[in-house]
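Okay, here's the structure, questions in a sec.
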């Protein structure tokens with residue numbers, strides 16, 4: 001074999017190996033990827049039952065129902081649409097109505113979600129980026145007025161503190 005032919009064969013083999021590795025990585029990522037949905041996104045995209053995802057928004061006031069064996073049902077809202085969430089387990093200490101939440105799990109219907117993990121915001125000014133972005137996109141984002149002894153600066157702008165006490169006006 002000539003030197004040129006060997007080089008072409010080596011480049012072809014490397015290309016095939018690279019394509020194979022890319023295909024394996026793509027399949028692995030697709031199986032483990034969780035897409036983020038706001039309730040409005042879920043309503044518009046109508047995800048199929050069994051779709052693994054994360055759903056985020058605010059826990060709608062008056063919707064938390066605690067059942068037997070640690071089962072909890074509640075509604076996640078972005079003030080335009082709602083998704084019913086069911087979860088079995090211990091909720092984070094900071095989980096409460098009117099607060100930001102992200103649930104990881106799967107859709108059982110386009111407007112019903114079965115969570116395996118619940119993530120609650122960890123301080124009064126924090127909101128998960130996906131939730132804040134979804135609220136901004138829906139026009140529901142409000143910044144709270146700052147306390148009298150605090151002035152506006154780059155570190156406290158857009159923190160979402162105004163979302164501390166939203167009222168539930170979503171559907172259903």
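What ranking do 7-13, 111-117 get when scored by the average of other Cβ atoms within 10 Å per residue, highest first?
On the way: 7-13: 10.6, 111-117: 17.3.
Output ranking for 7-13, 111-117: 111-117, 7-13.
Got a sec? Which residues in the stretch 67-92 would a label at residue 109 touch, if it sits 7 Å along Cα→Cβ and we count backbone N under 11 Å?
84
Hey, what did the stretch 1-101 get for relative contact order, percent, Cα under 8 Å, at least 6 apart?
So the answer I get is 22 percent.
Values quoted throughout were computed directly from the atomic coordinates according to the rules given, and no laboratory measurement underlies them. Quick caveat: nothing in here was measured; it's all calculated off a predicted structure. Glycine gets a Cβ as well: all are built from the backbone with ideal geometry, and neighbour counts include every protein chain shown.
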